[in-house]
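A quick write-up on the structure given underneath.
The values are calculated or read from the model by the stated rules, or taken from the named source; none is laboratory data. Computed from a predicted structure; not experimentally measured. Here the Cβ positions follow ideal geometry from the backbone for every residue, glycine too, while neighbour counts run over all protein chains shown. Accessible surface areas use protein heavy atoms only, side chains included; no ligands, DNA or RNA. Shrake-Rupley method; radii C 1.70, N 1.55, O 1.52, S 1.80 Å.
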Amino acid sequence: MEVSVLNRKGEETGKKVTLNEAIFGIEPNDHAIYLDVKQYMANQRQGTAKTKERSELSGSTRKLGRQKGGGGARRGDINSPVLVGGARVFGPQPREYCFKLNKKVKQLARKSALTYKAQENAILVVEDFTFEAPKTKDFIALTENLKVADKKVLLVLSNVDKNLYLSARNLKSAKVMSAALINTYNVLDAGVLVFTESALEQVNVI
């Protein structure tokens, strides 16, 4: 599959690049995508939710009532879970939500996501460029020139570019990242992928 290379003004430069069929033209595997996205979302969880159990409360351990004849359950001390202000039974405890996923499964998921974008014609390639200074209005102008201002844009660069990153940081509908860091979730979350020429060369050999 060939894609025309555009400049920052959205004009064709006359050059074309070929998308690697082994990456952008495979048979997509939806289950691999599901597993990779599930792992990504799990890795974002802090896992710091915590409630106090009965032994962790500072209330008195004195038995409130006698064992029998009170007309109710044997509640024990004031820390009992059946009383207001008491402990919580089987409440959340700090835990790690991350889980292992095989490297080849993650690669298959990423290739499947890139294939879906290629099938949707949601991939653009632009000449390598940078901004002289961080300016959000320059990034907005770029998306307007490329006719993707109404979509969620993922700009993929070959290396970290601080000026481009800062220019897009305040935009909810735009994200900038390097080719080495793109993952299944970010690819699927974007409405259109915009690669620089050098970034596409890196992705074409993943």
Practice problem: Using only Cα atoms, find the angle between the long axis of helix 136-145 and the longest principal axis of the chain, and express it within 0 to 90 degrees, rounded to the nearest 10. | Solution: 60 degrees
Practice problem: Be a star and scan the range 159-189 for residues whose amide nitrogen sits under 18 Å from the point 7 Å along the Cα-to-Cβ vector of A141. | Solution: 163-171
Self-check item: N7 versus E56: modelled label distance in nm, points set 7 Å from Cα along the beta carbon direction
Solution: 6.3 nm
Exercise. Could you work out how far helix 30-44 tilts from the main Cα principal axis of the chain, as a 0 to 90 degree angle to the nearest 10?
Key: 60 degrees
Quiz item: Can you pull the accessible area of I26 for me, 1.4 Å probe, Å² to the nearest 10?
Solution: 40 Å²
Practice problem: Provide the solvent-accessible area of Y34, counting protein heavy atoms only and rolling a 1.4 Å probe, rounded to the nearest 10 Å². | Solution: 120 Å²
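For the pairs K106/K162; K117/K152; K111/K147, flag any whose C-alpha to C-alpha distance is greater than 20 Å. All intermediate terms of the calculation are to be shown ahead of the outcome.
Numbers: K106/K162 28 Å; K117/K152 13 Å; K111/K147 25 Å.
Violating the 20 Å Cα-Cα cut-off are K106/K162; K111/K147.
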Quiz item: Can you give the angle from 0 to 90° between the axis of helix 103-119 and the longest principal axis of the chain, with both taken from C-alpha atoms, to the nearest 10?
Solution: 50 degrees
Quiz item: Cα to Cα, under 19 Å, and not fewer than 8 places away if on the same chain: which aspartates and glutamates meet these conditions relative to K52?
Solution: D77, E96
